[in-house]
Amino acid sequence: MYTVKQITRKECETYILGIHYAHRWPSITWAFGLFTSEDKELCGVVTYGTPPSSTLRRFIAGDENERYVIELNRLCLKYNRKNEASILVGRSIKLLPKNKLIVSYADSEQDHVGYVYQATNFLYTGLSTKGSVWKVRGKEHLHNITLLDEFRGVPNRTDKLREKYGDDLFREDNSRKHRYIYLHGDRKFKKRIMLALTYKIRDYPKGINSIKELENKFSKLDNVSNCESAETISSADFDDIILPHTGEVSRAKRPTTSGEGPVRFRHPDFESTMQSEKYCVKRITRQECEPYLLHIHYAKRMPMMSYPFGLFYEDELCGVVTYGETSSMPLRVNIAGVLFEPNIIELTRLCLKYNRKNEASLLVGRSIKMLPKNKIIVSFADMAQDHVGCVYQATNFVYTGLSTTHKALKLRGRENAHELTILAEFKGQENMREKLQAKYGDRIYFEQSSRKHRYIYFHGDRKFKKAAQAALKHKLRDFPRKGESAQDIENKHRKDDNIENLTEAETLSSESIMI
């Protein structure tokens, strides 16, 4: 077991100057140490500070977001035991002030790929730019800025360097570095930064990839249309679909370009997106889903996922929907009985980058058509997030009322973790709850779960739909409206049930009189 806490600059010195390969001080604003729980030994250090390049700070997400940019500039471990790096980075980020855009680099010259950043859900944005730096023979470890700082404030610093070092001073091509970013803050901040981000999100590199291979791969992705072979969807196909902007993802205003700053990451003719441009929906990988599910979606965790699909606009992934097996066996049985239990799947995540008009219904509607036939799809709209399920209403799901509520297991410090994720630590063992209590103590608590709107879609041939609807155990209800509370909806359903029961009783009574 480990603990992570803030430390002083002096405590960092042995690691940064003695162990880290750079052997020099960076700009440090926050420093954190990894301590063993047993002997309280400091066995790792991570530091954050202001990036030395003002160009990077301005360019990464625009002038208006420059103040949020910080750099993870040192990560150094004494023993580098399994998981120590990811524990230190992950927990230290939680100790930082909110609303920070963290950038960090993995130096390819040191054979670094950045696996610790991949393990802690950073986004990969490609390679740093090419360039050359000053070096001194015999002092190759010194940074270019360290050398120039010897004559800081003096005119013609390079001439002074040449006078001092003579033939030992030379120019060298700098190594390419893998650039990773992490958005630390509330949902509104993350969404705004994602919209303003200048760099494209790339697939994670692996150890076998050379710099040249990565450059060729990125060039190919940028220049070749990935949607030519996929089914292209025109807005003309959806003239009759109306999606009120009160659905699962709140709509965000896109940043506009102003002044002398860099051009923002935006689409041409954004206001008329659905009028002339075309979309395509196709199957994607789990890795392509991660930036959306872990950073944009409010749950911040990966769900069960068997069928992930992406919405592409001009080769850019701008939305994700995932389907998978429901985590609850009773849910699967209670929807349409044991006979249809193998046919139940859940729409587990729906997440959009921009949430432009009709994008949500377009993604859901077309992705369902790509699923295997004869499936009963269940999905939920969380009332705690002010969701009503307008996208499901627009794509012809049926509404079956509210889910039940229960006391959900929670863990302080990991509030986003699902109850089943916490229990999975002791899966298959006896007395799971007692073992959790022994491990986490007062961090364990119970919280009343929120009510959710339950929607169902029957996907298959006519015979399957008829049989599944006949076996459905939930009553079909009228669609809920924005602003209705759970109590209002339950009262409405109770009133409808009473009227239905009264009508049945009157019918039986009239039949008995006729007999």
From phi via Karplus (6.51, -1.76, 1.60), per-residue ³J(HN,Hα) for the stretch 309-314 in Hz, x at Gly/Pro: 10, x, 9, 10, 10, 6
Whether the stretch 1-145 is rounded, prolate or oblate, judged on the alpha carbon gyration tensor where a/c under 1.5 counts as rounded: oblate
Cα gyration tensor shape of the stretch 418-480, rounded if a/c is under 1.5, else prolate or oblate by comparing a/b with b/c: prolate
Segments 433-445, 302-314 sorted - mean Cβ within 10 Å per residue, highest first: 302-314, 433-445
Relative packing of 36-47, 463-474, which averages over residues the other C-beta atoms within 10 Å, highest first: 36-47, 463-474
For ARG349, distant residues with modelled amide H under 5 Å away: THR322
Paramagnetic label zone (point 7 Å from Cα along Cα-to-C-beta, GLN469; backbone N under 20 Å) in the stretch 356-374: 365, 368-369, 373-374
Pairwise label distance in nanometres, ASP386 with ASP496, each label 7 Å out on the Cα-Cβ vector: 2.5
3J(HN,Hα) from dihedral phi, the stretch 380-387, Karplus parametrisation 6.51/-1.76/1.60, rounded to Hz, x for glycine, proline: 10, 10, 7, 5, 5, 9, 6, 8
Listed pairs LYS191/LYS482; LYS98/LYS177; LYS188/LYS300; LYS353/LYS473 exceeding 25 Å between Cα atoms: LYS98/LYS177; LYS353/LYS473
Candidate lysines - alpha carbon under 26 Å from LYS164, same-chain residues fewer than 8 apart omitted: LYS135, LYS139
Two-site label geometry, SER27 and LEU294: point separation in nm, points 7 Å out along Cα→Cβ: 2.7
Under the Karplus curve 6.51 cos²θ - 1.76 cosθ + 1.60, θ = phi - 60°, whole-Hz ³J(HN,Hα) for the stretch 40-52, x wherever Gly or Pro sits: 6, 7, 6, 10, x, 9, 9, 10, 10, x, 6, x, x
The stretch 112-160 pair-distance distribution - Cα-Cα, 10 Å bins, rounded %: 20, 32, 25, 19, 4
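No value in this document is a laboratory result; all are computed from the given coordinates. Since this is a predicted model, take the numbers as computed values, not measurements. So basically every Cβ, Gly included, is an ideal-geometry build from the backbone, and we count neighbours across all protein chains shown.
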